[in-house]
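Below is one structure, written out as structure tokens, with a few remarks after it.
Derivation of every value follows stated rules applied to the coordinates shown; laboratory data play no part. Note that the structure is a prediction, hence the values are computed from the model and not measured. In this analysis, Cβ positions are derived from the backbone assuming ideal geometry, glycine residues included, and neighbour counts consider all displayed protein chains.
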């Protein structure tokens, strides 16, 4: 008869995974809404998914309910909400008229998002917490969905900017797999005390966003996407290919250390077997 500890370990924490499911639902709703030509609602749904994605991890840490299942589930939900959903929303809005070039642009975004998540998960233990390597997939999704939101809000004819939309979609996908450094804002002390001026600035920020949410949010994430190349260029003496794409020296060193550790473990196993 199984003991209580093993039975407890089989369970799944409810609250963080419920938030992840809500984000997944928002991404799926965005796809369905775009198929029904409800593009403004579809774009807003992607931003709603971003809110749930930001909450699930923080709630899990605050309530000490982190789990391997939650981390894997979150990644699966992210590829739907921030990979498939924005790509299909953009394709249904502006890229479908471009034929093969249109769906290839959407696929580049989806593939870039999947590669970005895979690299993030494998480098999670060794990466610098202050910076992201490449544009984070929610930010890339905000750019693509934000463009659709702006176009729908101001009744811009999609055919007039279809090639521009394709270029932005492709660039967002490529930025995710680049080596450009982006501030993660994880070093901000959200529990610390701040002055009254900071609170006032936050209130004004909410007011500015509320005036024209589609345009303001798209502009914020577009500027954030540009900050990566600018930050990388300013932080290096000479820009090289490894600063833009490919494996960095740190990645190679980590791989070498991993290989050496595995080789040492194999030697120890052989030694123990021979003894």
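Length gained on full extension, residue 153 to residue 55, computed as 0.36 nm times the residue gap minus the Cα-Cα distance: 32.6 nm. Distance from the Cα centroid of the range 38-56 to that of the range 110-143 is 18 Å (rounded to whole angstrom). Among 28-36, 102-110, 196-204, 168-176, the peptide with the highest mean count of other Cβ atoms within 10 Å heads the list, and the full ranking is 168-176, 102-110, 28-36, 196-204. Spin-label pair residue 36-residue 231: with each label point 7 Å from Cα along the Cα-Cβ axis, the two points sit 3.9 nm from one another. The order of 233, 207, going from fewest to most other C-beta atoms within 10 Å of their C-beta, is 207, 233. Here 91, 131 are placed in order of increasing Cβ neighbour count within 10 Å, fewest first, which gives 131, 91. Normalising the average separation of contacting C-alpha pairs (under 8 angstrom, six or more residues apart) by the number of residues puts the relative contact order of the range 12-244 at 21 percent. Mean separation of Cα pairs under 8 Å and 6 or more residues apart, divided by the residue count, gives the range 20-147 a relative contact order of 31 percent.
Wrap a convex hull around the Cα atoms of the range 14-76, take a quarter of its surface area, and give that in square nanometres. That works out to 3.9 nm². Starting at 0 and stepping by 10 Å, how many percent of the alpha carbon pairs of the range 55-201 end up in each bin? With a bin width of 10 Å, the distribution comes to 11, 34, 30, 20, 6, 0.
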